[in-house]
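Report on the following structure.
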Amino acid sequence: MKIKIEAAKSEDAARLVILLGQLGYAATNLEMLDKIQQHNNPTYKLLVAKDENQVLGFIALHFYHAFHHVAPIGRITAFCIDETVRGSGIGSLLLTAAEDYFLQQHCFKIEVTSNLKRTRTHQYYRERGYTETSRHFIKIVAKKNS
């Protein structure tokens with residue numbers, strides 16, 4: 001397997017829909033095309049891992065300036081490796097590419113949120129130097145548009 005990491009393109013949309021579904025999130029091809037376009041903005045990046053032309057994983061990135069910090073903060077907003085190839089090192093390649101991207105943007109830290117039920121994912125991040133530093137609280141204030 002020869003893995004190439006690159007920015008997502010419109011032709012990757014169908015595979016990205018499948019991978020997002022593996023995380024438990026539904027999306028249409030049209031919605032995914034919109035997401036790919038959104039991630040072409042200056043503070044966003046959507047990277048895919050490909051073997052030949054087959055997308056095997058993705059990582060969605062964003063960096064922002066918090067009021068209480070001088071340097072920007074990098075954020076991994078979504079990350080998935082196809083369940084058929086998990087454990088093969090593709091995730092580490094994508095995570096390294098993400099960390100390199102955030103360093104190029106002069107980010108001083110990277111944050112990622114992971115659902116409480118994803119205990120294997122939590123261990124994955126710990127093994128790569130990430131630490132749990134806070135609690136994440138949410139409040140749903142609007143219904144999802146149907």
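Values quoted throughout were computed directly from the atomic coordinates according to the rules given, and no laboratory measurement underlies them. Predicted model, so just to flag it, every value in this text is computed and none were measured. Positions of Cβ are backbone-derived with ideal geometry, glycine not excepted, and every protein chain shown enters the neighbour counts.
Structure summary
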item: Phi to ³J(HN,Hα) by Karplus 6.51 cos²θ - 1.76 cosθ + 1.60 over the range 72-81, Hz, x for Gly, Pro; result: x, 10, x, 9, 8, 9, 6, 7, 8, 10
item: Per-residue ³J(HN,Hα) for the range 41-47, Karplus 6.51 cos²θ - 1.76 cosθ + 1.60, θ = phi - 60°, Hz, x for Gly and Pro; result: 6, x, 9, 10, 7, 10, 9
item: Whole-number percent relative contact order across the range 3-127, with pairs defined as alpha carbons under 8 Å at least 6 apart; result: 22
item: Calculated FRET efficiency for the pair Gln38/Ala7, C-beta based, R₀ 22 Å, to 0.05; result: 0.95
item: Under Karplus coefficients 6.51, -1.76 and 1.60, residue-wise ³J(HN,Hα) of the range 48-56 in Hz, glycine/proline x; result: 10, 9, 10, 10, 6, 10, 8, 6, 10
item: Candidates Lys117, Lys109, Lys45, ranked by Gaussian network fluctuation over the chain, Cα under 10 Å, top entry; result: Lys117
item: Exposure proxy order (Cβ contacts within 10 Å, fewest to most) of Ile3, Ile76; result: Ile3, Ile76
item: Cβ charges +1 (Lys, Arg) and -1 (Asp, Glu), total dipole of the range 3-127, debye; result: 360
item: Built amide H within the under 5 Å cut-off of Thr77, gap 5+; result: Ala60, Leu61, His62
